[in-house]
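The values are calculated or read from the model by the stated rules, or taken from the named source; none is laboratory data. Bear in mind that the values here come from a model prediction, so they are computed numbers and not experimental data. Note that each Cβ is placed from the backbone with ideal geometry, even for glycine, and that neighbours are counted across all protein chains shown. Heavy atoms of the whole protein, side chains included, go into the accessibility calculation; ligands, DNA and RNA do not. Shrake-Rupley method; radii C 1.70, N 1.55, O 1.52, S 1.80 Å.
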Amino acid sequence: MIPLPQEERLARLRLARSENIGPVTFRDLLEHFGSAETALEALPDLAARGGRKRNIRVASVGDAEREMAALEKLGATLLVLGDADYPPPLALTDPPPPVIAVKGKLSLLTRDTIAMVGSRNASAAGRRIAGDIAKGLSERGYVVASGLARGIDTAAHQASLASGTIAVVAGGLDIFYPPENEKLQRIIGEEGLLMGEMPLGTSPQARHFPRRNRLISGLSLATVVVEAALRSGSLITARYALEQNRDVCAVPGSPLDPRAHGANRLIKQGATLVETAEDVVDALGAPHQAHRRLAEPRHVAFSQPVPSAEPDDAIRLRVLEALGPTPTPLGDLLNEADAAPGSVRAVLIELELAGRLQRDPGDRLSLIPEAHRSR
């Protein structure tokens, strides 16, 4: 892979930190313009075409340089999509995270990883099972990834720390959450690897956790669920794993324990029932089989722009007419718009930059009511 020029790396950080730029729009802008530097120049005009009334906030060079300097002071590294050290499994997700911050042993990103997630309010038995499986996976050469939460996550990290663990956090790498795991987070930052998408100083918010969960599953060949209630965030991680074409395993539990209902349901829906690390390895099959299931990434490296017809007002009108407050699948939108996919994506970029478009899980899109959007 040809290394990204430093100017382009800085531009990609600026693009990722600019207003209304999510992972899908980041990817589509790179594909459309070929570089982040060119995309940044186009942002104001694109937002205006989407109906924005005020100037869009574009992250400055100074902002990006200060973020990089703060990470370096912390002993962390910023990886942007296209970097040689960017984790290959994450690059295979659709869409991949534009930028991630990491602290610790980057060599762990080159090894096969398995995610372990589960209840924060875990039982003693659940924590023991999670620890046993995590330790067994480590002994077999796998890195264990989790979210540094109480309960199952903590047990998995502690059991796999000696051989390699990755903790994905929902806030900035310098924020300790939950507070009681500060010591563990510091140790993982030295002996394992910390990872997060949010800028330094960002306190975890509810909206950040689904993105964290998507990182955990995206890093991994499989996700193992140990104790999860029916409304658990662990089930969100399992859903992301399925969307990313990764395996999902679950440890069964007592039907009398609400903490087991989510994992038991996953098994009913087709997740592999596992009780030991050996079960998880058997579920993956041979290493080449597990890797073959991963989809090829969409090309978003520094390249020539992907040509597509610029949308006209008629296409913009058809897209707007097809959208509404109820989420619409992207496939239905493409049929309704009756236009080239590239042209429809260009309209969606304009609408998102204008703060008018909401992207929902499963490639569904909706218009944000005027009272709730930025102007």
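Among the residues making up region 171-189, those that are within 23 Å of the chain's Cα centre (by Cα) and under 16 Å from Ala76 (Cα atoms) are Gly171, Gly172, Leu173, Asp174, Ile175, Phe176, Gln185, Arg186, Ile188, Gly189. Scanning region 254-302 for residues that are buried (at least 18 other Cβ atoms within 10 Å of the Cβ), in a loop (DSSP other than H, G, I, E, B) and at pLDDT 95 or above yields a total of 2. Residue count for region 76-85 satisfying the condition of being touching a Leu at 6+ places or on another chain (Cβ under 7 Å), more than 12 Å from Leu173 (Cβ to Cβ) and open to solvent by 10 Å² or more (accessible area, probe 1.4 Å): 3.
So that you can scan it fast, the table gives a plain yes or no per residue for (1) of a type in the set (Lys, Arg); (2) farther than 17 Å from Leu173 by Cα:
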| site | (1), (2) |
| --- | --- |
| Gly189 | no, no |
| Gly192 | no, no |
| Leu200 | no, no |
| Ala206 | no, no |
| Arg212 | yes, no |
| Leu215 | no, no |
| Val224 | no, yes |
| Ala228 | no, yes |
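Kindly evaluate Ser107 against the criterion of being open to solvent by less than 50 Å² (accessible area, probe 1.4 Å), hydroxyl-bearing (Ser, Thr, Tyr) and modelled with pLDDT of 95 or more. Considered against the rule, which asks whether it is open to solvent by less than 50 Å² (accessible area, probe 1.4 Å), hydroxyl-bearing (Ser, Thr, Tyr) and modelled with pLDDT of 95 or more, Ser107 comes out as no.
Restricting the search to region 226-238, which residues are open to solvent by 20 Å² or more (accessible area, probe 1.4 Å) and farther than 22 Å from Leu194 by Cα? Selection gives Glu227, Ala229, Leu230, Arg231, Ser232, Leu235.
Does any residue of region 66-75 turn out to be within 29 Å of Pro5 (Cα to Cα) and open to solvent by less than 10 Å² (accessible area, probe 1.4 Å)? Scanning region 66-75, I find at least one residue that is within 29 Å of Pro5 (Cα to Cα) and open to solvent by less than 10 Å² (accessible area, probe 1.4 Å), so the answer is yes. Annotation: Glu321 fulfils all but one of (1) in contact (Cβ under 8 Å) with a residue 12 or more places away in the chain; (2) surrounded by 12 or more Cβ atoms within 10 Å (Cβ to Cβ); the unmet one is (2). Each residue in region 149-170 was checked for being of a type outside the set (D, E, K, R), surrounded by 24 or more Cβ atoms within 10 Å (Cβ to Cβ) and under 21 Å from the mean Cα position of the chain (by Cα), and 10 of them qualify.
For region 324-338, filtered to residues that are charged (D, E, K, R) and either part of a helix (DSSP H, G or I) or closer than 25 Å to Asn213 by Cα (or both), the residue that is least open to solvent (accessible area, probe 1.4 Å) is Asp332. I'm told Arg140 meets every condition in (1) over 30 Å from Ala36 (Cβ atoms); (2) surrounded by 24 or more Cβ atoms within 10 Å (Cβ to Cβ) except one. Can you identify the failing condition by its number? Condition (2) is where Arg140 drops out. Would you point out the residue of region 339-356, among those that are free of Cβ contacts under 8 Å to residues at least 40 places away in the same chain and not in a helix (DSSP H, G or I), that is surrounded by the fewest Cβ atoms within 10 Å (Cβ to Cβ)? Restricting to residues being free of Cβ contacts under 8 Å to residues at least 40 places away in the same chain and not in a helix (DSSP H, G or I), the top hit is Ala340.
For residues in region 138-178 being assigned to a loop (DSSP other than H, G, I, E, B) and β-branched (Val, Ile, Thr), which is farthest from Ala122 (Cα to Cα)? Can you show your working first?
Here is the first cut: in region 138-178, the residues assigned to a loop (DSSP other than H, G, I, E, B) are 140-142, 147-151, 161-164, 169-178.
Now narrow it down to the ones that are β-branched (Val, Ile, Thr): 169, 175.
Working: Val169: 19, Ile175: 24 Å.
Result: Ile175.
Taking the listed residues Ala16, Ala47, the one that is buried (at least 18 other Cβ atoms within 10 Å of the Cβ), within 25 Å of Pro361 (Cβ to Cβ) and in contact with a Pro (Cβ under 8 Å, 6 or more places away or on another chain) is Ala16, with no other qualifying. Taking region 92-102 as the range and being modelled with pLDDT of 95 or more and either open to solvent by 30 Å² or more (accessible area, probe 1.4 Å) or among the hydrophobic types (A, V, I, L, M, F, W, C) (or both) as the test, the residues that pass are Val99, Ile100, Ala101, Val102.
Residues checked against (1) without any contact (Cβ under 8 Å) to a residue 24 or more places away in the chain; (2) at positive phi; (3) open to solvent by 10 Å² or more (accessible area, probe 1.4 Å); (4) of a type outside the set (Gly, Ala, Ser):
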residue: Tyr177; (1), (2), (3), (4): no, no, yes, yes
residue: Gln185; (1), (2), (3), (4): no, no, no, yes
residue: His208; (1), (2), (3), (4): no, no, yes, yes
residue: Arg214; (1), (2), (3), (4): no, no, yes, yes
residue: Ser220; (1), (2), (3), (4): no, no, no, no
residue: Val224; (1), (2), (3), (4): no, no, no, yes
residue: Tyr240; (1), (2), (3), (4): no, no, yes, yes
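Okay, residues lined up against (1) part of a helix (DSSP H, G or I); (2) farther than 19 Å from Tyr86 by Cα:
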residue: Arg186; (1), (2): yes, yes
residue: Ala206; (1), (2): no, yes
residue: Arg212; (1), (2): yes, no
residue: Leu230; (1), (2): no, yes
residue: Ala238; (1), (2): yes, yes
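Identification of helices (runs of 4 or more DSSP H) wholly contained in region 1-112 with 1 or more residues that are in contact (Cβ under 8 Å) with a residue 40 or more places away in the chain, of a type in the set (Ser, Thr, Tyr) and under 23 Å from Leu200 (Cα atoms) yields 23-33.
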